[in-house]
Amino acid sequence: MNRTANPQRHPRRPGLLWWPLAASALLLASCQQGILDPQGPIASAELLLLLNSTAIMLVVVVPVILATLGFAWWYRASNPRAFRSTDEGYEGRTEFVTWSIPVLIVILLGGVIWIGSHQLDPRAPLPGKADPLRVEVVALDWKWLFIYPDQGIAAVNELVVPVGTPVEFRLTSATVMNSFFIPQLGSQIYTMGGMTTHLNLLADAPGEYPGLSAMFSGDGFSDMHFIAKAVSAGDFNAWIGQVRGGGTALDDAAYAELAKPSIAVPPTTYRSVGPNFFERIIEQTVSGSQRHAGAAWAPPVRQTGG
């Protein structure tokens, strides 16, 4: 009988050959514009901590995997040389190795994470080429408000900072709890209504770094993104002048409109902002008179002693 190859009998599946390539491309894409592509000292330190922790854990994981495969191969049913004693007894050396290695790994891993985490304190100031830039961040539904108190301007869903200059963030939320994160610069941190959190970051190189909300906060969560632009000092000053020369002022009426829930808000700038605006937002939240949709926003009433 003539046994020729039948293409219908064993159909080729060229699509299966693309799976390794697709997985590799996906892995490479995840390394770009993420925590594996640090562009600042904080993100670089966090990546180093991640790699060190992974390497320490692999000291246990790799030998366990190899030992599992080795035991499975040696004690297979077809191996007549494999012998396992059925006598039960205490083996001190085995128990010592079994417990000492995990204990040492836990101590080493705990020490590395403890030291590294304390060195990455979000409030710790960062050295830089210039004086720190102060930026106040307010999480809204569903956008980010950035206030530059020293420059007297504000922006929505656009953060511009000079390269090599430490940025001192003060963060709060005018609505539900949220999470502020610029993966390439590092240190995700929470924003909470009526409270202030602190974060210090620095960009080493010019570029545009995606920022996002890392915590589900409602319908517009998936569009709560912004771009952090790291530019030269000259370009930063030019941007400040451009913002001051156009747009509207961030006053009480403008903030009341801005605070209404909205989705996929394009970047917007405000040429001026009232004094202590950030503190007023926090006091409004604490007082329990936070605006409802469509209601006017007003500064809190200050009580004076009689």
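Would you grab the residues whose amide H sits under 5 Å from the one on ASP251? Only those 5+ places off in sequence or on another chain, please, with H modelled 1.01 Å from N.
Close amide H contacts, sequence-distant or interchain: none at all.
For region 133-287, what proportion of DSSP beta bridges, expressed in % and rounded to the nearest 5, is antiparallel? Numbers along the way, then the final one.
On the way: 28 of 44 bridges.
Approximately 65 percent, going by the DSSP bridge assignments.
Using θ = phi - 60° and the Karplus form 6.51 cos²θ - 1.76 cosθ + 1.60, what ³J(HN,Hα) does each residue of region 40-55 get, whole Hz, x for Gly and Pro?
So the Karplus estimates, Gly and Pro as x, are x, x, 5, 4, 5, 5, 5, 5, 4, 5, 5, 5, 5, 5, 5, 5 Hz.
Residues with beta-carbon under 14 Å from that of ALA45, excluding ALA45: net charge, scoring Lys, Arg +1 and Asp, Glu -1? The partial results should precede the final answer.
Numbers: positive: none; negative: GLU46, ASP121, ASP204.
Result for the neighbourhood of ALA45: -3.
Take region 155-202, compute every pairwise Cα distance, and split them into 10 Å bins from 0; I just need the percent in each bin.
In order of increasing distance, the bins hold 24, 57, 19, 1 percent.
Could you work out the local net charge near THR172, counting Lys and Arg as +1, Asp and Glu as -1, over the other residues with Cβ closer than 12 Å to its Cβ?
On the way: positive: ARG170, ARG280; negative: GLU136, GLU279, GLU283.
Residues near THR172 contribute -1 overall.
I need the chymotrypsin sites (Phe, Trp or Tyr not before Pro) found in region 50-107, filtered to DSSP loop residues with at most 13 other beta carbons within 10 Å of theirs. It would help to have the intermediate numbers written out before the result.
On the way: sites: PHE71, TRP73, TRP74, TYR75, PHE83, TYR90, PHE96, TRP99; in loops: TYR75, PHE83, TYR90.
The qualifying sites are TYR75, PHE83, TYR90.
Alpha carbons only, please: Rg and Dmax for region 133-287, in angstrom.
Calculated on Cα positions, Rg and Dmax stand at 14.3, 42 Å.
How compact is region 46-167 by the rule of thumb for globular proteins, expressed as Cα Rg over 2.2 N^0.38 Å?
Compared with the compact-globule rule of thumb, region 46-167 sits at 1.98.
Run the reach check for LYS129 against aspartates and glutamates, Cα to Cα strictly under 17 Å, same-chain hits fewer than 8 apart removed. What comes back?
Straight-distance partners of LYS129: GLU168, ASP204, ASP235.
Here, each number is a calculation from the coordinates, and none is a lab measurement. This one's a predicted model, so the numbers in the text were calculated from it and none came from an experiment. Note that we place each Cβ from the backbone using ideal geometry, even for glycine, and neighbour counts take in every protein chain shown.
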